[in-house]
Structures are given as C-alpha cells and as structure tokens.
Amino acid sequence: MNQSFAKVKDYLLELDYTMVYESEKEGVFIIENEEMGISKMVVGCADPLLIIEQYIFDIREPSMEIYQKLLQKNRDIIHGAFVLDESGRKVIFRDTLQIENLDLNELEASFNSLGLLLSEYSDEIIRFSKQHALKHIHS
C-alpha cells in the first residue's frame, strides 16, 4: 500500500470517520461523520498534497452579496476556505495540506475548522442556499 495513502487512512480511522468509499489507485477517500456535519467529504492523496473538499451548498441565484459574504467569511476560517466549482454555483469547503509532514493533529484541526464553520455559519449558509426559492415565494 502507498505510504501516504496508508498514513491518511490510519488517521481517518483513528479520528472515527466512516469510509463510504476508498480507492488507493485513485488516491481517494469519501468519508462521513454525522456528528461533525460531514457528509461525502472527498479526501484526495495527490502527493505531495492532501486535498480535502466538502460540498456545502448550491448558489441558486448568484449575487455580489453572496460572493462578498463568502469571501469575508474566509478571513475567519482557521484552516481551509470557501471555494467555488467551475460552474460558480457550488460552494465547497477546501483545505490543502502537505502529506509528507502531516500529523494527526493537523488533519483533525482541518476537520474541526470545518465543523466550527458549519456550526457558527449555518444560518447564513441556509439563507444563501434558499435565497432563490424565497425570492420567488415573496414575488
């Protein structure tokens, strides 16, 4: 087994994440942790990097307000950041770590950062994800 892949797998198991999917060939894990609000998080081993991505929500009606708020919130996020996919409509939490020096505490800190973000910012995330639907209901 690839050393980096094995190292990351051991850490994920130690942190009690459920592995929904894993492929050493692709260097990918899909993990969940209901307690942390993590569902279908993609953890990719692309030596020398570990890439962590968690889908957060779709932007139904893009606006400068949403993009501005997301960028402002990035400043408060301890590890990782909000990013957009190629379509500009899917908001994803993403963090990139160096595998070579990766330790359990660093990986856990990245996951905890996402958990904190989801708990502190959940009302705003829900508002952004429903904004389009609400505008049509009130029109």
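The values are calculated or read from the model by the stated rules, or taken from the named source; none is laboratory data. In this text the structure is predicted, and so the values were computed from the model without any measurement. Using ideal geometry, Cβ is built from the backbone for each residue, glycine included, and neighbour counts are taken over all protein chains shown. For the accessible areas, the whole protein counts, side chains as well, though only heavy atoms, and no ligand, DNA or RNA atoms are used. Shrake-Rupley method; radii C 1.70, N 1.55, O 1.52, S 1.80 Å.
Taking Cβ atoms as reference points and 14 Å as the exclusive limit, the residues near G27 contribute a net charge of -2, counting Lys and Arg as +1 and Asp and Glu as -1.
Placing unit charges on the Cβ atoms of the charged side chains and taking the dipole of the chain about its Cα centre, the candidate lying farthest along the positive direction among A46, M36, L84 is L84.
Can you tally the net charge around G115? Count Lys and Arg as +1, Asp and Glu as -1, for every other residue whose Cβ sits under 12 Å from the Cβ of G115. Don't jump to the answer; show the numbers that get you there.
On the way: positive: none; negative: E34, E35, E108, E120.
Summing Lys and Arg as +1 and Asp and Glu as -1 gives -4.
Compute the angle between helix 64-74 and the longest alpha-carbon principal axis of the chain, please, reported from 0 to 90 degrees and rounded to the nearest 10. Tilt of helix 64-74: around 30 degrees. Note on K130: lysines with a C-alpha under 24 Å away, same-chain residues under 8 apart excluded, are K40, K69, K73, K90. Helical runs assigned H by DSSP (4 residues or longer) give the chain a calculated mean residue ellipticity at 222 nm of -14500 deg cm²/dmol, each run adding -39500 (n - 2.57) before division by the residue total. The distance from the alpha carbon centre of the stretch 26-61 to that of the stretch 76-95 is 11 Å, rounded to a whole number.
Each of K25 and K90 was given a label point 7 Å from its Cα along the Cα-to-Cβ line. The distance between the two points is 2.2 nm.
Residue separation times 0.36 nm, minus the C-alpha to C-alpha distance between E61 and D10: what's the value? Walk me through the numbers before you get to the answer.
Working: separation 51, 0.36 × 51 = 18.36 nm, distance 4.06 nm.
So the extension gain works out to 14.3 nm.
Let me know the shape class of the stretch 49-90, please: from the alpha-carbon gyration tensor, a ≥ b ≥ c as square roots of the eigenvalues, rounded when a/c is under 1.5, otherwise prolate if a/b is greater than b/c, or oblate. Please report the intermediate quantities before stating the final value.
Details: a/c = 2.59, a/b = 1.29, b/c = 2.01.
Since a/c reaches 1.5 but b/c is at least a/b, the shape of the stretch 49-90 is classed as oblate.
For V20, the solvent-accessible surface computed with a 1.4 Å probe is close to 80 Å², ligands and nucleic acids excluded.
Per atom type, the chain shows carbon and sulfur on 50% of its accessible surface, probed at 1.4 Å.
If the segment from L118 to Q72 were pulled out straight at 0.36 nm per residue, it would be longer than the present Cα-Cα gap by 15.0 nm. Any chance you could give the angle, 0 to 90 degrees and rounded to 10, that helix 3-14 forms with the longest Cα principal axis of the chain? On a 0 to 90 degree scale, this one is about 70. A 1.4 Å probe run over the chain, with the rest of the protein chains in place, finds 60 Å² accessible per residue.
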